[in-house]
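One structure below.
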There are 2 protein chains.
Amino acid sequence: MRSIKLQNRPGTGTYIKGQERIEQILVAAQGILIDKGYSGLSMRKIATAVGITIGNLHYYYPSKKDLLSDLLDHVIEGYLLEFNTARAEAGSSALDQFIAIINFIVDDLTTHDTTNFFPELWALANHDEQAAERMHELYRKARLDINDLIAQINPTLSHQQREEVGLFISASLEGLTPFIGNGKPWNSNVANIKRIAIKSFVDLVTDIRDEDIASSKSELIAACD
Amino acid sequence: MRSIKLQNRPGTGTYIKGQERIEQILVAAQGILIDKGYSGLSMRKIATAVGITIGNLHYYYPSKKDLLSDLLDHVIEGYLLEFNTARAEAGSSALDQFIAIINFIVDDLTTHDTTNFFPELWALANHDEQAAERMHELYRKARLDINDLIAQINPTLSHQQREEVGLFISASLEGLTPFIGNGKPWNSNVANIKRIAIKSFVDLVTDIRDEDIASSKSELIAACD
DNA sequence: CCAAATATAGGACGATTGAACTATTTTATT
DNA sequence: AATAAAATAGTTCAATCGTCCTATATTTGG
């Protein structure tokens, strides 16, 4: 099922029981991180949630840092897997696939887990370099599909312009999380917000031209800030 | 200078020294929260940063919860003040003011403090009801100006549609923080991203019509998800 | 089935945490 | 100057933290 290389202590996880245990540990850690935040995530709480002792947990993960590293890989791998399957189910035309991705992202960020996990990840990335790397790696992979579709919808854009438009769309969608996410004040408006997002992003990708984004040359001439 | 009602222990802060001390405490706490995150924010670290003892800190804030409550008020009040002055400096036409606000928000979220504080606030809001209330109150106030300008630019929008468009724009801008913020991978592209944002949001507010956002009636007929 | 590797339990360590308490010093007002 | 309120220092407490160590139980491969 999962084929990524985990970073637990070498030697551990070779028995079936150990592999299952690692999975239990990561699932439990993810649940605590989502429910209580990073400040509420401790080795003892993880061990208790799994039903093992701290000594046993420490056998798999000698330090909390090791566990967090594996946890981020585990969660991010799950999202990438989810993202790929969603892409496969998309429509035929580039525009349909583009809209399907927006729909998928919005639907996903309104789930309990995603709503609560990602703000934690963003905060973590501000103080943990490793978390930052994992986060940006996740988003970079997630933008590959978006950028590809943008290129099909609007072939006039340069590579850099396409990447910047893709980043803007991706980041904008992520920004909806604390507002329309699970249990958030605007969660009941998610259907309308989604329509606004689709119209806005489709128009953006369709209509935007080179002149709208200053090149490095014209940027030197007229800095608009 | 600051006129908001703080929530420190009654009786404290009546002397000038006490008022200055409270300000020092909140500034120090904000700095630690920004630099180390909430998990790295402790009463002792705050006291040490201020140069007082834990006992003295507890005299002002009997519990960490009380301090956090005051801290959020303090920081949010600062942002609202900053936002109001920025609005006063904006141009004459509604469209110019709209663009000025976008410029201000993007410039602000690329500062070190804002880049690091708000993700912490979003994560905090997921696990602390009081933090959630403060956060949404801040954004609600910040959207007042945006919504007002949207109404001037596009008077055809209903109240609800205007609010939803305003929320989408505000949330989208916030979402840029973990990507183009201070020290983030796309920080060097902030000028171009800003142009994309301005074009996208101006087009959205100018062009959007009632039909683009389904009313409660048509929503029942055709759910597009 | 047996030996080596793996998994688990349980306790202990020092450090840190939020909180509480008392005694002393400083401030502002009369 | 006197006095009441406010501010500060210093200590202690129980709980929790990450980490480490040792002994025992379990699993797997030959």
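The values are calculated or read from the model by the stated rules, or taken from the named source; none is laboratory data. Computed from a prediction, not measured in an experiment: that's the story for all the values here. Reconstructed Cβ throughout: ideal geometry from the backbone, glycine too, with neighbour counts over all protein chains shown. Accessible surface is based on the protein model in full, side chains and every heavy atom, while ligands, DNA and RNA are left aside. Shrake-Rupley method; radii C 1.70, N 1.55, O 1.52, S 1.80 Å.
For the rotation bringing A onto B, which A residue has its Cβ nearest the axis, and at how many Å?
Here the value is A:175, 1.
Which semi-axis lengths, in whole Å and largest first, follow from the square roots of five times the eigenvalues of the Cα gyration tensor of chain B?
The equivalent ellipsoid of chain B has semi-axes of 38, 19, 17 Å.
Sorted from shortest, what are the nm distances separating the label point of residue B:62 from equivalent points in the other copies, each placed 7 Å from Cα along Cα to C-beta?
Sorted ascending, the copy-to-copy spacings read 4.7 nm.
Could you work out [θ]222 nm for chain A from helices alone, using -39500 (n - 2.57) per DSSP H run of at least four and dividing by all its residues? Round to the nearest 500 deg cm²/dmol.
Mean residue ellipticity at 222 nm (helix-derived): -23500 deg cm²/dmol.
List the distances, in nm to one decimal, from the label point of residue A:137 to the label points of the same position in every other copy, shortest first, placing each label point 7 Å from Cα along the Cα-to-Cβ direction.
Sorted ascending, the copy-to-copy spacings read 4.2 nm.
Using unit Cβ charges (K, R positive; D, E negative) and no other charged atoms, how large, in debye to the nearest 20, is the dipole of region A:74-225 about its Cα centre?
340 debye
Roughly how many debye, to the nearest 20, is the charge dipole of the protein assembly as shown about its Cα centre, given +1 on each Lys and Arg Cβ, -1 on each Asp and Glu Cβ, and no other charges?
1660 debye
So for the protein assembly as shown, what percent of the C-alpha to C-alpha distances run longer than 36 Å?
33 percent
If only Cα atoms are counted, what is the Rg of region A:90-221, and what is its Dmax, in Å?
15.9, 47
Give the accessible area for residue B:48 in Å² (nearest 10); use a 1.4 Å probe, count only protein heavy atoms, and leave out ligands, DNA and RNA.
110 Å²
At a probe of 1.4 Å, how much accessible area disappears from chains B and A on forming the pair, both sides counted, to the nearest 100 Å²?
Protein heavy atoms only, the B-A interface buries about 5100 Å².
Return one whole number: the accessible area per residue of chain A in Å², for a 1.4 Å probe.
Each residue of chain A exposes 46 Å² on average to a 1.4 Å probe.
Quick one: Cα centre-to-centre distance for region A:64-94 and region A:172-211, in angstrom?
21 Å
So how do B:69, B:92 rank on accessible area, 1.4 Å probe, biggest first, that is with the largest at the start?
B:92, B:69
Sort shortest first the distances from residue A:51 to its counterpart in every other copy, using label points 7 Å along the Cα-to-beta-carbon line, and give them in nm.
Copy-to-copy label distances for residue A:51: 5.6 nm.
Count the lysine pairs in region B:1-70 that are 8 or more places apart or on different chains: how many have C-alpha atoms under 20 angstrom apart?
Summing the qualifying lysine pairs gives 8.
So what's region A:1-68 giving for Cα Rg divided by 2.2 N^0.38 Å, two decimals?
1.04
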